[in-house]
Amino acid sequence: MDLRQLESFVYVAELGSFTQAATVLGIGQSALSRQVRRLEVELRQPLFYRNGRGVSLTEAGKRLLAHGRLIQKQFEHARHDVEDSRGSPLGRVTIGFPHAVGRAVCSPFVKEFRSRFPKANLCLTEGLTIHLYEWLLSGRIDIALLHDPVPSPSLDIKPLREDHLLVLSQRRTMQPAIAPPIHLRDIAELPLIMPCRPHSLRMMVETKLANMGLKPIIVLEVDSVSTIVKLVAEGEGYAIATRHAVAASDAQGHLQSQRIIKPSLGSVLALATSAERPLTTLVQRTSELLQEILTDGG
């Protein structure tokens with residue numbers, strides 16, 4: 001098995017067609033078929049079901065595709081890492097942000113990234129912490145910013161800072177944007193809009209209240225921070241979030257916030273990378289840049 005055969009297999013698998021894969025690779029279809037056939041002979045089992053409409057993967061093919069994608073990515077990382085020694089880092093880095101954090105830091109981060117790494121490509125994606133965690137483990141993203149991440153031997157996690165949690169409510173005419181602090185116990189009496197389980201913030205609030213013998217009143221479950229904040233601004237309920245959720249909202253003029261006290265609640269923002277895959281120079285230096293921005297009040 002060599003890289004060319006593996007590349008050919010991956011293209012056929014992803015496009016579902018020998019004809020389309022041959023066009024993309026710029027080789028003849030017969031040559032492409034021979035490369036894939038050699039793989040099947042070496043592995044002693046078929047990788048594709050062939051039919052008049054194209055091809056689909058066998059179970060063995062599905063397993064090889066997962067390995068093939070990872071091997072291709074590792075090879076690209078190795079090539080770029082060697083080339084990086086000659087100057088500015090090359091390659092591509094994919095970063096996953098929670099929505100509110102992404103809105104708050106993306107602009108300064110992108111400007112600085114493009115200034116420092118002009119030859120590199122950047123891909124940004126947003127998601128809930130639970131999804132970012134899964135994407136990082138699977139290799140879909142290289143770096144993730146996570147709220148209150150669960151420790152894992154598969155990840156290197158660096159806590160960056162702790163943000164105070166706030167209660168958000170609809171701001172009425174003449175009301176200040178910031179109201180007096182609210183006791184944690186009193187949150188149990190509010191109609192809350194919260195993410196679905198097992199969102200880390202939801203679990204934290206439920207656990208803290210349970211320790212007081214209390215249970216939150218959850219009137220809506222929404223797995224979107226921006227939607228939760230919008231609903232709060234429209235008077236549909238209360239929410240618990242960090243200051244970033246307010247800053248990222250187009251409706252912040254209609255929001256009032258209260259800091260939670262007795263006890264105070266905080267959410268730890270951490271930067272995570274894979275502990276199982278070697279990091280390219282670009283990923284390492286991008287991680288350092290994110291740490292600079294986020295620990296400098298971003």
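Considering (1) farther than 22 Å from residue 128 by Cα; (2) without any contact (Cβ under 8 Å) to a residue 40 or more places away in the chain; (3) not hydroxyl-bearing (Ser, Thr, Tyr), the lone condition that residue 231 does not fulfil carries the number (1). Out of the residues in the range 248-280 that are over 20 Å from residue 194 (Cβ atoms) and modelled with pLDDT under 90, state the one that is farthest from the chain's Cα centre (by Cα). Selected residue: 253.
When the residues of the range 235-292 are filtered to those that are over 16 Å from residue 94 (Cα atoms) and among the basic types (Lys, Arg), the one that is surrounded by the fewest Cβ atoms within 10 Å (Cβ to Cβ) is 262. The residue list 250, 223 contains one member that is part of a loop (DSSP other than H, G, I, E, B), out of contact with any Pro (no Cβ under 6 Å at 6 or more places or on another chain) and outside the structural domain of residue 152 (by TED's automatic domain parsing), which is 250. The set of residues in the range 12-48 that are part of a loop (DSSP other than H, G, I, E, B) and among the small types (Gly, Ala, Ser) comprises 16, 17, 26, 28.
Among residues of the range 1-27 that are within 15 Å of residue 39 (Cβ to Cβ), those with a beta-carbon under 6 Å from a residue that is not in a helix (DSSP H, G or I) at least six positions away or on a different chain give the pairs 13/57. Among the residues of the range 216-228, those identified as crowded, with 16+ Cβ neighbours inside 10 Å, closer than 22 Å to residue 206 by Cβ and within 20 Å of the chain's Cα centre (by Cα) are 222, 225, 228. The number of residues in the range 134-158 that are closer than 23 Å to residue 66 by Cα and either surrounded by fewer than 21 Cβ atoms within 10 Å (Cβ to Cβ) or in contact (Cβ under 8 Å) with a residue 60 or more places away in the chain (or both) comes to 15.
The values are calculated or read from the model by the stated rules, or taken from the named source; none is laboratory data. Here the structure is a predicted model, which is why all the values come from computation and not from measurement. Positions of Cβ are backbone-derived with ideal geometry, glycine not excepted, and every protein chain shown enters the neighbour counts.
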